[in-house]
1. Starting from the Cα-Cα distance between Lys100 and His179, subtract it from 0.36 nm times their residue separation and give me the gain in nm to one decimal.
2. Beyond 13 Å, how much of the Cα-Cα pair distribution for segment 161-214 remains, as a whole percent?
3. Using +1 on the beta carbon of Lys and Arg, -1 on that of Asp and Glu, and nothing else charged, what's the dipole of segment 161-214 about the Cα centre, debye to 20?
4. Can you sort Arg95, Arg206 so the residue with the fewest Cβ neighbours within 10 Å comes first?
5. With a point put 7 Å past each Cα toward its Cβ, work out how far Asp112 is from Lys78 in nm, to one decimal.
6. Report the label-to-label distance for Asn123 and Lys148 in nanometres (one decimal), using points 7 Å from each Cα along the Cα→Cβ vector.
7. On a 19 Å Cα-Cα criterion, which of the cross-link pairs Lys160/Lys196; Lys116/Lys203; Lys96/Lys160 come out too long?
8. Using Cβ counts within 10 Å as a stand-in for footprinting exposure, how do His207, His179 rank, fewest first?
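Computed from the coordinates by the stated procedures, all read-outs in this text should not be read as laboratory data. Note that the structure is a prediction, hence the values are computed from the model and not measured. No Cβ is skipped: glycine too gets one built from the backbone with ideal geometry, and neighbour counts run over all protein chains shown.
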Amino acid sequence: MSEEKDKKEEEVKKDETSVEKKEDSVKKESAKPEGKEEKKDSEKTEGSKEEDKTETDKKKGPFSKDKKKKDPKDDQIKDLKDQLLRQMAEFDNFRKRTDKEKSTMYDAGATDVIAKILPVIDNFERGLSDVTDDTDDAFKKGILMIYKQLLTVINDLGVKEIAAEGEKFNPDLHNAVMHEDDPDKGEQEIVQVLQKGYTFHDKVVRHAMVKVAN
């Protein structure tokens with residue numbers, strides 16, 4: 001009886017051992033797929049990262065620039081713009097200066113011509129003042145017409161006669177060559193014009209030669 005009991009116990013132990021082995025094998029087999037799945041998930045994650053990087057590179061394109069990197073062409077363009085602005089400013093100043101010089105040269109030339117014409121006008125006035133009643137009317141009218149035409153021409157150019165008689169003496173406009181005391185006249189009042197004065201564009205071409213009282 002004891003021998004049979006021992007055999008049964010050995011068989012039970014063998015059965016338990018086989019059961020434990022089966023359980024271990026099942027655990028190992030169940031653990032293997034999990035590792036594979038984790039590996040697959042990591043591979044998928046890495047693949048998605050690479051795809052995102054590729055899409056980003058495509059969006060940037062071959063001509064895209066990194067914001068952190070500064071292109072040397074930008075500095076060159078900036079320098080060229082500065083040079084252009086300076087040249088435009090210099091040209092504008094040159095144009096204004098040239099226009100001013102032209103205007104000054106024109107005024108100077110016109111002033112010289114007018115100064116040479118004024119004695120002719122003086123001679124016309126002297127001739128007309130000496131005309132008597134015996135002078136031929138046709139001749140007198142002809143001289144008067146020429147005189148008026150000459151005055152019209154110089155007035156159109158901007159030449160104006162300086163007001164003198166009855167005005168107060170102004171050294172910027174008048175040249176006093178004679179002086180007299182007259183209680184009926186005001187202080188430094190011009191009583192006689194000996195030679196007319198003229199201005200051209202508000203610039204004196206010839207001072208009026210006058211006689212001043214008091």
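1. On the way: separation 79, 0.36 × 79 = 28.44 nm, distance 4.15 nm.
Roughly 24.3 nm would be gained on extension.
2. Working: 721 of 1431 pairs.
So the pairs more than 13 Å apart make up 50 percent of the total in segment 161-214.
3. Result for segment 161-214 is approximately 340 debye, rounded to the nearest 20.
4. Arg95, Arg206
5. In this crude label model, Asp112 to Lys78 measures out at 5.3 nm.
6. With each label point 7 Å from Cα toward Cβ, the separation is 2.3 nm.
7. Pairs exceeding 19 Å: Lys96/Lys160.
8. Fewest-to-most ranking of His207, His179: His179, His207.
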